[in-house]
Amino acid sequence: MDAFYASVEQRDDPQLRGKPVVVAWKGNRSVVCAASYEARAFGVRSAMPASSAERLCPAAIFVAPDFARYRAVSKSVREIFHRYTDLIEPLSLGEAYLNVTENKTSLTTATLVARTIREQIRRELNLTASAGVAPNKFLAKLASDWRKPDGLFVIQPEEIDAFLVPLPVGRLPGVGKVTGEKLAKLGIETVGDLRRLDRSALEGTFGRYGLRLHELARGIDESEVVPDRPTQSISVEDTFEHDVLLVETEPMIRRLAEKLWSASRKEPRIARTVVLKLKTSEFKILTRTHTPNIAPSSCEAVMATALELRERVNLGPQQRYRLVGIALSNFREPEVRPAQPVLFE
């Protein structure tokens, strides 16, 4: 979906159309959830501080996020997907992989399926979506960004090499700042440069990810589209209005524990691990984890464990923090207890 949250806001409020919309709570500690393309023209991007967005685009209209509404629209988009395939792997509310090797309609190509889905989203939901069509997930993801907004880009099997070779290596998934700097020191700037390094050299420098780099540079991605992928973790976090001392974080931890426990009730499996996350005023991130012998079975248990994890943070009593978060992870299927035998017939 194109600038999903912002596009929903513009669709539902005609006064926002054609204007720079930033979906975020306005304030020094808020971050941008989404930005319309009018705002992006000024350099506003998701995940940047809202204060930076306001500085880049003084005329921006800030709209508080409404995730319940975005989830409802996402569900409607998913219903359109299901008309063509049940092999759908959501990445977020506004993005998903679809395997249409075999589809439910008489459409003969993946390109026709993508074009039809985009038309139905436009007609039924009055929103635009961009699609990438390719032989695998990695290439389809790259293609989906190629002609945004409201675009369709297709990479045929015989076009893979011509498409990949000139790309900057930073376009490959997993190549962030650190990996990019390591590659630059090796004289690697494009995917074509990367192809000249043999597999053993990449593995020697980057470990297991070196093998992944070797495959991505050649357009190889064997990962399947997995519908209903199991939840890996559930997390909540919040940023303080002003930096606080560690001893002052307890009220926020308690509120987040209640919110987290409520969210976790939708997951049928049981979480074994509690995670505490803190971000210092210098933007350093700390995490502490604990897997108790007995899985947390109440909000109070999660809260108590998170507060115990706080005691393992020892940066000094004067250190201040700007953010706190807690998470549940390491989900397992609930144990099935054998039925108690009948004592009396």
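The values are calculated or read from the model by the stated rules, or taken from the named source; none is laboratory data. Worth saying up front: this structure is predicted, and the values here are computed from it rather than measured. Every residue, glycine as well, gets a Cβ built from its backbone with ideal geometry; the counts of neighbours run over all protein chains shown.
Of the numbered criteria (1) part of a helix (DSSP H, G or I); (2) crowded, with 17+ Cβ neighbours inside 10 Å; (3) more than 25 Å from the chain's Cα centre (by Cα), the one ALA201 fails is (2).
Just one of the listed residues (GLY187, GLY174, GLY170, GLY180) is without any contact (Cβ under 8 Å) to a residue 12 or more places away in the chain and either surrounded by 17 or more Cβ atoms within 10 Å (Cβ to Cβ) or not in a helix (DSSP H, G or I) (or both), namely GLY187.
Against the list (1) out of contact with any Leu (no Cβ under 7 Å at 6 or more places or on another chain); (2) surrounded by 18 or more Cβ atoms within 10 Å (Cβ to Cβ), the condition GLU308 fails is (2). Among the helices (runs of 4 or more DSSP H) confined to region 16-83, there are none with at least 2 residues that are of a type in the set (Lys, Arg), over 17 Å from the mean Cα position of the chain (by Cα) and in the same structural domain as SER281 (by TED's automatic domain parsing). So is LYS148 closer than 29 Å to HIS214 by Cα, modelled with pLDDT of 95 or more, among the basic types (Lys, Arg) and out of contact with any Pro (no Cβ under 7 Å at 6 or more places or on another chain) or not? No, not satisfied. Scanning region 235-272 for residues that are under 25 Å from GLN319 (Cβ atoms), under 21 Å from the mean Cα position of the chain (by Cα) and polar (S, T, N, Q) gives SER235, THR239. The set of residues from region 1-36 being in contact (Cβ under 8 Å) with a residue 24 or more places away in the chain and of a type in the set (Gly, Ala, Ser) comprises ALA3, ALA6, SER7, ALA24, GLY27, SER30, ALA34, ALA35, SER36. Within region 278-292, the only residue that satisfies the criterion of being among the hydroxyl-bearing types (Ser, Thr, Tyr), over 18 Å from ARG320 (Cβ atoms) and in a loop (DSSP other than H, G, I, E, B) is THR291. Scanning region 63-72 for residues that are touching a helix residue (DSSP H, G or I) at 6+ places or on another chain (Cβ under 9 Å) and surrounded by fewer than 19 Cβ atoms within 10 Å (Cβ to Cβ) gives PRO65, ASP66, PHE67, ARG69.
Taking the listed residues GLU237, GLU241, the one that is part of a strand (DSSP E or B), within 19 Å of ALA47 (Cα to Cα), of a type in the set (D, E, K, R) and in contact with a Gly (Cβ under 6 Å, 6 or more places away or on another chain) is GLU237, with no other qualifying. Of all the residues in region 5-31, those that are of a type in the set (A, V, I, L, M, F, W, C) and surrounded by fewer than 23 Cβ atoms within 10 Å (Cβ to Cβ) number 3.
No other residue among ARG55, ARG78, ARG40 is of a type in the set (D, E, K, R), surrounded by fewer than 16 Cβ atoms within 10 Å (Cβ to Cβ), more than 30 Å from GLU222 (Cβ to Cβ) and out of contact with any Phe, Trp or Tyr (no Cβ under 8 Å at 6 or more places or on another chain) apart from ARG55.
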